[in-house]
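Only one structure is covered here, and it is reproduced in the block below.
Bear in mind that the values in this text are calculations on the coordinates, not laboratory data. It should be emphasised that the depicted structure is a prediction, and the values quoted were computed from it without experimental measurement. Positions of Cβ are generated from backbone atoms using ideal geometry, with glycine treated the same way; all protein chains shown enter the neighbour counts.
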């Protein structure tokens, strides 16, 4: 009987510890999401990126912290004022997190969208040398994302955004971008994201759409 | 009693949650500069903070005991410090060191100019090569705008630092290419066989190259083919000289590209005046297949196979009879290259390859038939062991089966050679600022019945954030040309010794390089022959022996600025060359015709958004080159006037039936400089005939269309 009691007690302790750690992860993600949602400057994105990096380093089995670490580094770099070399290295760092996310969650539309986004931004650092190879690479990743989830608004958003910043002579331009961004806006209306799954971009989509006119 | 114990356990475990430690501090570089955005992490926990704009950070943690505090940010070396958390506030003062990035890392640059898209230190990208004005998408012509090269004028090849065209060898994914050019015609150079669009990177080494590359006295042209294409696509090109088409099919982990071109220069040559009396203007037919397979993330198999067929016929002056010689030339070449590489472990990399090339050249000089065949079969295996972050050890072995045949009417002669080579080298970083490469190469040739051993070494030392000094020394051996080996089996290796000293300043927008070199030649092939031998068809030489020698010394300067002009980019390269050599049938050491004392190239590219076009302009200057004048008792002491050329091309990017398209217009020698390459004399020296470029001015118009993608694979 005593042994049973001991077992139950131990079980309760172990369980509570486990629940505590799951709670800890959820709480951390909650905090991280608040940081991302309120971020608008390079510094704020860096703070959020650093936070997700810490969670990602401790939680090597969870894909979301890796994903958001990559997402926040990407935005901190886009908004930052570093020299080209540092920007290039930062995009590589963002990509390394997204690759970790991909390893944990293979064939995921959201992960591929982020890879396409980072690839395009990395191209822009040395566009003269990289446009020819990296624009097609970015687009191929987004096409792949759309094959997996044709309803993913972010795949359309990033595709439209890349088109927006690609010169007309290379197959880009505002007119073409508008078409894709309009589709993106429609898909945002119906998006269903649960928990901490990616849900960003609706506002950015509207901003870009206005610039298309 | 037990109950209390459980209670105690539960209480104590929850109590620990209240034992907080505050950790705060500041992070600076060794010069006292504060760094914002550094990520501070208590390893294996979520706890940590970021530094603010003043480099300060603070956080509280419920962890206790011995822990490691890790701190990292882009551009700096990750570092850590041990901390003991016991509730007492910690105030830390930490230093962070700048990391070595790819751009400012010390690298061996003596003799080496990298081009390509992947490397940040690359001097030219593959697009630069394809769009250099005047080069009409010929890799070798584009490389002639780089320092260390001389204008090729009328001979095949890349002429580097006083070396003949034969002293530059081409390596395709590490495999030696025996015949990278089509036939040498009288006073006309031919294009390189490979399209620049096949390659993602080109390393052009004008001396001091690694022990991996053998059989080249002066220069190594290292071509690295592209990886898997992203998409399925089809491309067409229509040019004034012909047309081409290619289709790329992309599968999950592999791709197949099949393409072909047909060039016929007759229509262009009948419109634009030619200095050459063509009987049949060149007709080139080329077909190739590329297969790429990436079975795993770390491995890659590449197969490339190309067949090309060139036909041409022309009349060339015969100085001795005041008549003309009718030259007919057919050249068929097949080249296949299979390579496999695998980084099967982060510390190890294997590369294996096999290649086979075979050329059949046949033709007529008036009523005489001649033929020239050659072949090269090569196998290669390399093993690389990475040591730490950047150092490595490499070892490899190669086997060659090499031969040639030469025929004149009913007579013929041939040779076959089996060669084995082994090489090993280490690249060792001594700290962040010094890298040293030390290696050697041994070769044995059955035909020459001899060994050679070639030590090679380089050293690079960083002198500032963006600058470095590097130097190289090496011994280089090459078998004499096929023409000589066909006529004598008593020849030995030709030898060159290189000494290089290089300074480089490199940022992402600016490149400045200056390099001084000294090259010593020994054992060059000599022979007896009356007059000045032609480089085409078949010649008979007597008394062949390795008695030649010579030297080349000079300075190369390169300046590229990609940042000062919006949308524009220019580079200037200048080479000073002082060289004399005693080889072939030279009576004394003399400056050969292919070595100009001063060479200057200015290339300027500008993207013009209004017309959606890129304009590329190239100016080339070369001081007069020597020519053979039998009337002058001083051998090779006459010089032609200086050479000038200004070329332009305009690439207009557009859509053609909704597909990505480039309209291309290229004009060579716009001002119409009257260039003279040299003079041909009859043996009695009574008259002379100038050698002119094939045409005073060349024009090329073209349309390139890609369906399904925005890139060209062919």
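Numbers at a glance
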quantity	calculated
Crossing angle, helix B:2-15 versus chain B [Cα axis fit, 0-90 degrees, rounded to tens]	60
Neighbouring partner chain Cβ atoms per residue of A:34-43, average, 10 Å criterion	1
Hydrodynamic radius of the stretch B:427-535 per Kirkwood, over alpha carbon pairs, in Å	17.0
Cα-based helix-to-principal-axis angle, A:174-189 vs chain A, degrees rounded to 10	30
Per-selection Rg to Rh, the stretch B:429-475 - Cα, Kirkwood hydrodynamic radius	1.25
For peptides B:129-139, B:187-197, sequence by mean Cβ density within 10 Å, most packed first	B:129-139, B:187-197
Principal axis box of the stretch B:641-691, alpha-carbon based, largest edge first, Å	64, 19, 11
By average C-beta atoms within 10 angstrom, highest first, the peptides B:165-178, B:221-234	B:165-178, B:221-234
Chain B, relative contact order [Cα under 8 Å, separation at least 6], %	11
Chain B: proportion of alpha-carbon pairs further apart than 49 angstrom, %	23
Residue A:84 paired with residue B:631, simple spin-label distance in nm, labels 7 Å along Cα-to-beta-carbon	5.6
Average partner coverage of B:41-51, which counts Cβ from other chains inside 10 Å	5
Relative contact order computed over chain A (Cα-Cα under 8 Å; 6+ residues apart), in percent	13
Distance (nanometres) between label positions extended 7 Å along Cα→Cβ at residue B:82 and residue B:305	6.3
Extension gain, residue B:320 back to residue B:387 (0.36 nm per residue minus Cα-Cα distance, nm)	17.7 nm
Full-stretch length increase - residue A:176, residue A:206 - with 0.36 nm per residue and alpha-carbon distance subtracted	9.2 nm
Residue mean of other protein chain beta carbons inside 10 Å, A:47-54	6
Whole-Å distance, taken between Cα centres, linking the stretch B:505-568 and the stretch A:167-207	56
Folded to 0 to 90 degrees: helix A:84-104 orientation relative to chain A principal axis, Cα	50
Cβ-Cβ FRET estimate between residue B:644 and residue B:564, R0 fixed at 30 Å, reported to 0.05	0.70
Square roots of 5 times each gyration tensor eigenvalue, C-alpha, chain A, largest first, Å	38, 19, 15
Over the stretch B:271-329, relative contact order from alpha-carbon pairs under 8 Å, at least 6 apart, %	34
Highest average packing first - B:75-88, A:177-190, A:118-131, Cβ atoms within 10 Å	A:118-131, A:177-190, B:75-88
Column: log10 I(q)/I(0), Debye, Cα scatterers of the protein assembly as shown, q = 0.04, 0.08, 0.10, 0.11 Å⁻¹	-0.24, -0.83, -1.20, -1.40
Within chain B, percent of DSSP bridges classed antiparallel, to nearest 5	95
Distance (nanometres) between label positions extended 7 Å along Cα→Cβ at residue B:557 and residue B:271	4.1
C-alpha center-to-center spacing [the stretch B:154-232, the stretch B:610-678] in angstrom	21
Theoretical ellipticity at 222 nm over the protein assembly as shown - DSSP helices of four or more residues, -39500 (n - 2.57) apiece, nearest 500	-7000 deg cm²/dmol
